[in-house]
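Asks: Have a look at the structure that comes next, please.
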Amino acid sequence: MEGLLAGVLCLIVTVSAAPDPTQWITAGNCGISSGRAPDPFIVGGAEVSPMYKWPWIGSLRSSGSHICGGSLIKSTAGRYFFVTAAHCTYGSNANRLSVKIGTHFRADTSESGSMILNVNRIINNPNYRATTLENDISILVLTNSESIVESNQIRPICYASRDHYAGEVCTVIGWGTTSESGSSAARLQEASKPILSDSQCSSDLGSNNYYSNSMLCSGYDAGGVDACQGDSGGPLFCQRNGVWELVGIVSWGYGCARPGRPGVYGDCWNLRDWVRQTIDSN
Ligand code: ARG
């Protein structure tokens, strides 16, 4: 009986094997971490430990102050880009922005092994709508991105290679506030929570607010675990075939961690064509 069960499990694992490599949007050797998904607790989270276990996170700064999170990705041609939310960069000027990578401490600019890169250009998704937050994704071209040296502290995440499913439990990280009206975190926080079906998201958030074409939502019915202010732009990532994939981008919510009010994320899978085209041509 056990043998049969193991056989069936094995078959399932084999059938749902890695996606076709021609589909990959980012370079290989991405999404590697020795870390494990955190237990549920940003709101309801815990400090990332050991430090740097999610080496793709970066802090987006405006005039030197943290405003949002974001993630390092690498094109198949080997160029690094920073993915964040369009609402973080909309209306801003690239020369005010910088990105800190290899970082655990929000404010410590002398952190060993970290790097601060200037932003050369902001490429917001042309279909981003500030009124609805549809297509809330932005790609930043970094000045001197060829000076990035990967280390245990700095590595790109893999871009989503397939769609998410309802119930998939994924991790969100950031330096945002640890309660709805609380203060932002000095040290990187992590939490994990399940992605919900589009119909659940629509009924929890209102079908006139939730646009399944470019959004996904995640949370527990009872609330308690969520991203919050200052986490925007940061990654929601899921482990698939042993690597971590960027599946969502922190976008918006009704307050934070409220019961029946899941957090909303830009849907990386649905936004993939624009991402692929943007990083392959810049
Ligand atoms: N808009 C927020 C920001 O700019 C992110 C809010 C996320 N909220 C949530 N409940 N998940 O930082």
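Asks: With unit charges on the beta carbons (Lys and Arg positive, Asp and Glu negative) and the dipole taken about the Cα centre of the chain, which residue among HIS164, SER197, VAL264 sits farthest to the positive side?
Replies: VAL264
Asks: Determine, for TYR128, TYR165, TYR90, the number of other Cβ atoms within 10 Å of each Cβ, and report the residues in order from fewest to most.
Replies: TYR165, TYR90, TYR128
Asks: Starting from 0.36 nm per residue, how many nanometres of slack lie between ARG129 and SER212 once their C-alpha separation is accounted for?
Replies: 28.5 nm
Asks: OK, next. Please compute the net charge surrounding ASP136, taking Lys and Arg as +1 and Asp and Glu as -1 over other residues with Cβ under 10 Å from its Cβ.
Replies: Counting the neighbours of ASP136, the net charge comes to -1.
Asks: Still on this structure, please answer the following. Per 0.36 nm of contour for each residue apart, how much would the distance between SER112 and SER65 grow if the chain were fully extended, relative to their Cα-Cα spacing?
Replies: 15.1 nm
Asks: Right, something else. Would you list, by chain and number, the lysines whose Cα falls below 19 Å from the Cα of LYS100, excluding same-chain residues fewer than 8 positions away?
Replies: Output for LYS100: LYS53, LYS74.
Asks: Stretched out fully, how many nm does the piece from ASP280 to ARG187 gain, at 0.36 nm a residue minus the Cα gap?
Replies: 30.1 nm
Asks: Can you tally the net charge around TYR80? Count Lys and Arg as +1, Asp and Glu as -1, for every other residue whose Cβ sits under 10 Å from the Cβ of TYR80.
Replies: Numbers: positive: LYS74, ARG79; negative: GLU146, GLU150.
That sum, taken over residues with Cβ under 10 Å, equals 0.
Asks: Let me ask something else. Under 20 Å Cα to Cα from LYS193, which aspartates and glutamates show up? Leave out anything in the same chain fewer than 8 places away.
Replies: ASP39, GLU47, ASP163, GLU168, GLU180, ASP204, ASP221, ASP226, ASP231, GLU245, ASP267
Asks: Next question. Going by how many other Cβ atoms sit within 10 Å of their own, how do CYS268, CYS256, CYS30 line up, fewest first?
Replies: CYS30, CYS256, CYS268
Asks: log10 I(q)/I(0), Debye, Cα-only the chain, no solvent, q = 0.13 Å⁻¹?
Replies: Calculated log10 I(q)/I(0) at the listed q: -0.80.
Asks: Read phi for every residue in the stretch 266-282 and hand back ³J(HN,Hα) as whole Hz from Karplus 6.51 cos²θ - 1.76 cosθ + 1.60, θ = phi - 60°, with x for Gly and Pro.
Replies: For the stretch 266-282, the Karplus curve yields x, 8, 4, 4, 6, 9, 5, 4, 5, 5, 4, 5, 5, 7, 7, 10, 10 Hz.
Asks: Shifting gears a bit: List the relative contact order of the stretch 183-282 as a percent without decimals, with contacts defined as Cα pairs under 8 Å and 6+ residues apart.
Replies: 27
Asks: What ranking of THR109, THR177 emerges when the number of other C-beta atoms within 10 Å of each C-beta is taken as an exposure proxy, fewest first? All intermediate terms of the calculation are to be shown ahead of the outcome.
Replies: Values: THR109 12, THR177 20.
Fewest-to-most Cβ neighbours within 10 Å comes out as THR109, THR177.
Asks: Now for a different question. Using a Förster radius of 30 Å, what is the FRET efficiency between ALA222 and TYR165 based on their Cβ-Cβ separation? Nearest 0.05, please.
Replies: About 0.90, to the nearest 0.05.
Asks: For the chain, what does -39500 (n - 2.57) per DSSP helix run (n ≥ 4), summed and divided by total residues, give at 222 nm, in deg cm²/dmol to the nearest 500?
Replies: Roughly -3500 deg cm²/dmol at 222 nm, from the helical runs in the chain.
Readers should treat all values here as calculations from the given coordinates under stated rules, not as data from a laboratory. All figures in this text were calculated on a predicted structure; none of them were measured in a lab. Neighbour counts are summed over all protein chains in view; Cβ atoms, including those assigned to glycine, are modelled from backbone coordinates with ideal geometry.
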